[in-house]
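Here the structure is laid out as structure tokens; the discussion comes afterwards.
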Amino acid sequence: MSHLAKIVMSKKLKSVFAIWWNLQGLIHSVIKKNIYIIVDAINENDNSDFLESLFDSLEQLLKNKNVLVILSCRSEYYDNIIPNMTTSGVDISLKEISLISKYCGAVAVSYYSRLINGKETNDFTLKAIAQLRSQIQTNIHYVVSNDSIDEAIFRLENDVWSEGINAVVFLLYKPVGFGVDKKLIRNDNRIKSFMNAALRKKHYYKIGFDTCFTPILLDYQDSFDVQSIDSCEAARFSMYIDSEMNAYPCSFDNQNADYKVSISESSILEAWNSRIFNRFRNKDSNCKKCSSYSKCNGGCGLGFAINAGRNC
């Protein structure tokens, strides 16, 4: 959506032709369904002061970019897919909450709040959960790192979460973006305490894990049905597509781009069956010697040092 932001912010564009020319970059970078939505919105808001109207429309579209995706997914064009979504909860409006509850099956709130002296630090997180939970099934996404695992243990042992949530889903920390290796969790006694608190204690909410946790979960198979977990889903039943129309097996490859396939000139199916995606799937690994390999497929396919199972 970078072209859209550029148009909205650049008030130096004085003519309709200049705006039209800048819109071409946007039109060529999004799927056809979203083009129709954008053009319709501009036409519907057209009036005698076309320039001002166009900027107002673009600003509204920019504010509601998630709504465009939701409306598209629930249309017949996409065979009535029911989307879920994640939000930080920052500055979420009542109108947005109403739209989310109408079009989504569930919503997850990234739990940025931390406990300091027994008090939560992020009011935005708590307020968003309180507003969402009354209208839609609401989950928490909590990132477990070397810095946060002690707090996660305390929260699980004492059930210190926002009330009314459906589930807490734990995401394993990855050293990407601004991430650093020193925040990776290691196989130590804290992992044992964390997993015991998550799996062997009864909670009023459900517990979930992202698939990066699978090598760790396999050490605790006596606490759950192993058929309820999956190995890394990248290039097996999911892919990531960025705003520049590039496909990746996993979203965390969008910086190194080792397995990037452009779908501007090809189809999603062609990317899925491409030599590059197959190279990701068939990557050689020392983990193939492990007895648990058939269950976890070697853990992280990108090779990040996040596998913290006993045998990893």
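The values are calculated or read from the model by the stated rules, or taken from the named source; none is laboratory data. Worth saying up front: this structure is predicted, and the values here are computed from it rather than measured. A quick note on method: Cβ atoms are made from the backbone with ideal geometry, for glycine too, and the neighbour counts reach across all protein chains shown. All accessible areas refer to the heavy atoms of the entire protein, side chains included, with ligands and DNA or RNA removed. Shrake-Rupley method; radii C 1.70, N 1.55, O 1.52, S 1.80 Å.
What the table shows:
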read-out	value
Where labels lie 7 Å past Cα in the beta-carbon direction, separation of Phe178 and Leu99 in nm	2.7 nm
Additional length obtainable on full extension of the chain from Ser88 to Glu163, 0.36 nm per residue less Cα span	25.3 nm
Accessible surface of segment 193-241, 1.4 Å probe, proportion on carbon and sulfur as whole %	47 percent
At most 15 other Cβ within 10 Å, DSSP loop - chymotrypsin sites (Phe, Trp or Tyr not before Pro), segment 219-282	Phe224, Phe237
Rounded to whole Hz, the Karplus (6.51, -1.76, 1.60) HN-Hα couplings of segment 103-112, x for glycine and proline	9, 9, x, 7, 9, 10, 10, 5, 8, 7
In sequence order, calculated HN-Hα J values of segment 123-129 (Karplus, 6.51, -1.76, 1.60; Hz; x Gly/Pro)	5, 4, 4, 5, 5, 4, 4
Under the Karplus curve 6.51 cos²θ - 1.76 cosθ + 1.60, θ = phi - 60°, whole-Hz ³J(HN,Hα) for segment 159-165, x wherever Gly or Pro sits	6, 9, 9, 5, 6, x, 7
Distance in nm between pseudo-label sites at Asp242 and Arg275 (7 Å out along the Cβ direction from Cα)	2.2 nm
